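Report on the structure given below.
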Ligand SMILES: Cc1cc2nc3c(=O)[nH]c(=O)nc-3n(C[C@H](O)[C@H](O)[C@H](O)COP(=O)(O)OP(=O)(O)OC[C@H]3O[C@@H](n4cnc5c(N)ncnc54)[C@H](O)[C@@H]3O)c2cc1C
Ligand code: FES
């Protein structure tokens, strides 16, 4: 078994009571999703699998390299391996996605708020994702699909830079063909053999088929995209309190102690990452610490 460093003090069963202490997980498998995005499937070395809610994140520790917040992208209705879908952008994410199967990583959490999709029961549910933003939403989509009869129209509006950046392509087809989800994909740059829509995901909002007054909207992607999408949803008549967004901020502790993730009075790690637009809109211009 490979380990980035030995961590004898982490040899403990079950979830640690101290949220600052990571549990050891083993990389069972790494799946390449796109040219720069990979899904890690993790199994606990000791103790039961982690329970979590769609939208929550963990602090993933590549021992000896660093720790980063990553949303859980797996199926909350299954007790399979813990899944995280990670884009290779820097030192820690690179160490995680290139670590061979068998490597031990540290996992703290789960932390933060959930998408609370059950609030959408009896309503239309609209997912709007940009790029890797689909990963933190996958668990919520799978929960909706598991209880599909409780929801009215389910729509996914998904924007990526190029067709090669499309995440979970096979699953998108299954959601559309087998699970009654209206999936609309658009790309910024549609070279090659792309025959689908070209343009920003924001442009899909005005014409998408949903009843704005009876909709729960979930939005995840780059902050600028989320701001434009939220304002397009509001223009259509979706109430601000029924628009939810998953925020990214620099995080160190993940549990409301260090202040790194602070947006005025909001600590994104504990009050978020999923927050409603009515609460977020005055804060969206706050710079990172
Ligand atoms: C609650 C939460 C959930 C998250 N969920 C996910 C997830 O599911 N999947 C995922 O891949 N990432 C996710 N992130 C982002 C992830 O934490 C960062 O990409 C990671 O911390 C970068 O660390 P690094 O050491 O690899 O890069 P660093 O070495 O810190 O950064 C290297 C370079 O990449 C840039 N960079 C850093 N973060 C990003 C980013 N997000 N996008 C583009 N460029 C960036 C930096 O500005 C820098 O130039 C989440 C963040 C938060 C707060
Ligand atoms: S990450 Fe430390 S307070 Fe949020």
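Picking from residues in segment 259-286 that are out of contact with any helix residue (DSSP H, G or I) (no Cβ under 6 Å at 6 or more places or on another chain) and closer than 21 Å to residue 134 by Cβ, the one that is nearest to ligand 1 (Cβ to nearest atom) is 273.
Applying the condition of being assigned to a loop (DSSP other than H, G, I, E, B) and within 18 Å of the chain's Cα centre (by Cα) to segment 199-228 and asking which residue is nearest to ligand 1 (Cβ to nearest atom) yields 222.
Evaluating residue 129 against the criteria (1) without any contact (Cβ under 8 Å) to a residue 40 or more places away in the chain; (2) in a strand (DSSP E or B) leaves one unmet condition, (1). Scanning segment 137-158 turns up no residue that is part of a strand (DSSP E or B), within 16 Å of ligand 2 (Cβ to nearest atom), in contact with a helix residue (DSSP H, G or I) (Cβ under 7 Å, 6 or more places away or on another chain) and touching a residue at least 12 places away in the same chain (Cβ under 8 Å).
Looking only at segment 195-213, decide whether some residue is within 21 Å of residue 120 (Cα to Cα), within 16 Å of ligand 2 (Cβ to nearest atom), modelled with pLDDT of 95 or more and crowded, with 18+ Cβ neighbours inside 10 Å.
To start, the set of residues in segment 195-213 that are within 21 Å of residue 120 (Cα to Cα) comprises 204-213.
From the residues that got through so far, the ones that are within 16 Å of ligand 2 (Cβ to nearest atom) too are none.
No.
Say whether the condition of being part of a helix (DSSP H, G or I), away from ligand 2 (no atom under 16 Å from the Cβ), over 13 Å from residue 37 (Cα atoms) and within 17 Å of the chain's Cα centre (by Cα) is met by at least one residue in segment 80-100. No, there is no match, as no residue in segment 80-100 is part of a helix (DSSP H, G or I), away from ligand 2 (no atom under 16 Å from the Cβ), over 13 Å from residue 37 (Cα atoms) and within 17 Å of the chain's Cα centre (by Cα). Cβ-Cβ distances below 6 Å connect the following pairs, each with a first residue in segment 65-89 that is closer than 17 Å to residue 221 by Cβ and in contact (Cβ under 8 Å) with a residue 40 or more places away in the chain, a second residue that is within 16 Å of ligand 2 (Cβ to nearest atom) and assigned to a strand (DSSP E or B), and a separation of six or more residues or different chains: 69/57; 69/59; 71/57; 86/70. Would you check if there is a residue in segment 234-244 being within 16 Å of ligand 1 (Cβ to nearest atom), within 20 Å of residue 132 (Cα to Cα) and surrounded by 14 or more Cβ atoms within 10 Å (Cβ to Cβ)? Looking through segment 234-244, at least one residue is within 16 Å of ligand 1 (Cβ to nearest atom), within 20 Å of residue 132 (Cα to Cα) and surrounded by 14 or more Cβ atoms within 10 Å (Cβ to Cβ). State whether one or more residues within segment 229-245 are assigned to a strand (DSSP E or B), near ligand 2 (Cβ under 7 Å from one of its atoms) and under 20 Å from the mean Cα position of the chain (by Cα). Scanning segment 229-245 turns up no residue that is assigned to a strand (DSSP E or B), near ligand 2 (Cβ under 7 Å from one of its atoms) and under 20 Å from the mean Cα position of the chain (by Cα).
Each row is one residue, and each column tells you yes or no for (1) surrounded by 17 or more Cβ atoms within 10 Å (Cβ to Cβ); (2) under 26 Å from residue 273 (Cα atoms).
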position: 137; (1), (2): yes, yes
position: 146; (1), (2): no, yes
position: 154; (1), (2): yes, yes
position: 158; (1), (2): yes, yes
position: 161; (1), (2): no, yes
position: 169; (1), (2): no, yes
position: 173; (1), (2): no, no
position: 191; (1), (2): no, no
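Could you tell me whether any residue of segment 262-273 is within 11 Å of ligand 2 (Cβ to nearest atom), in a loop (DSSP other than H, G, I, E, B) and surrounded by 15 or more Cβ atoms within 10 Å (Cβ to Cβ)? Yes, the conditions are met somewhere in segment 262-273. On the basis of being within 19 Å of the chain's Cα centre (by Cα), more than 16 Å from ligand 2 (Cβ to nearest atom) and either in a loop (DSSP other than H, G, I, E, B) or crowded, with 19+ Cβ neighbours inside 10 Å (or both), does residue 74 make the cut? So residue 74 fits the description; yes.
The values are calculated or read from the model by the stated rules, or taken from the named source; none is laboratory data. Here the structure is a predicted model, which is why all the values come from computation and not from measurement. Using ideal geometry, Cβ is built from the backbone for each residue, glycine included, and neighbour counts are taken over all protein chains shown.
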